[in-house]
Amino acid sequence: VEITVEAICPSTISSLPYTESFESDFGDWIQVTTDDYDWTRNSGTTSSTTTGPSSASDGSYYIYTEASVSTYNTSFILNGPCFNLNCVTPVFTFDYHMYGSTMGSLDLEVEATPGSGTWVSVWSMSGDQGDVWHSASVDLSAYSGTTIKLRFNGVIGSSYYSDMAVDNLELFCDCTP
């Protein structure tokens, strides 16, 4: 069975900057069926107290891992689209919220050859980061001139105090030769 580019990359983003704040849906981001649980799109507070954000960092909606509906120490994976990084210095930024006494870990991973199944973490955070949104900036210059795939891999901690959230995604480049 031949795997087509369309199956590996149902959408490829070539026009930058790219932004996503989950205001109308998951956009180009797709739930993975081989992980343990799905990310949830939400507005306002999460269903658990003393964990998760009380509002979005941008707009009204964000995505998060609802730890109380899952088995602890399990993964939530959300695949992004393929990105054509035909530019000099690609940078991926996003906001994250990791508030809870048993917070797990959140990774941004890159599949340098879409469809290969080989994912490498290019950013990681773990533990309680307080009840605030933080901003991350990830330099993707090592992948300049290629097409890559990104994904978020959230692994919740040992109890329901482990709701982590992501919002306000942007991929931009300095396209000067």
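The values are calculated or read from the model by the stated rules, or taken from the named source; none is laboratory data. Just so we're clear, the structure is a prediction, and the values are computed from it rather than from any experiment. No Cβ is skipped: glycine too gets one built from the backbone with ideal geometry, and neighbour counts run over all protein chains shown. For accessibility, only protein heavy atoms count, side chains too; no ligands or nucleic acids. Shrake-Rupley method; radii C 1.70, N 1.55, O 1.52, S 1.80 Å.
At a glance:
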{"item": "Rg over Rh, two decimals, the range 26-177 (C-alpha only, Kirkwood Rh)", "result": "0.98"}
{"item": "Heavy atoms of Asp131: accessible area, 1.4 Å probe, square angstrom to 10", "result": "90 Å²"}
{"item": "Residue of Tyr161, Tyr18, Tyr61 that the Gaussian network model of the chain assigns the largest fluctuation, springs spanning Cα pairs under 10 Å", "result": "Tyr18"}
{"item": "Structure-based [θ]222 nm, the chain - -39500 (n - 2.57) summed over DSSP H runs of at least 4, per residue, nearest 500", "result": "-500 deg cm²/dmol"}
{"item": "Mean-position separation - Cα centroids, the range 158-172 and the range 107-121, in angstrom", "result": "19 Å"}
{"item": "For the range 2-95: rounded, prolate or oblate by the Cα gyration tensor [a/c cutoff 1.5]", "result": "oblate"}
{"item": "Within the accessible area of the chain (1.4 Å probe), percent carbon and sulfur", "result": "48 percent"}
{"item": "Ser55 paired with Thr89, simple spin-label distance in nm, labels 7 Å along Cα-to-beta-carbon", "result": "3.4 nm"}
{"item": "Stretch gain in nm, segment Ser68-Thr45, where the contour uses 0.36 nm per residue and the Cα spacing is subtracted", "result": "6.9 nm"}
{"item": "Residue among Ala142, Ala56, Ala112 with the largest mean-square fluctuation in a Gaussian network model of the chain, springs linking Cα atoms under 10 Å", "result": "Ala142"}
{"item": "Semi-axes of the equivalent ellipsoid for the range 69-156, Cα gyration tensor, largest first, Å", "result": "26, 16, 8"}
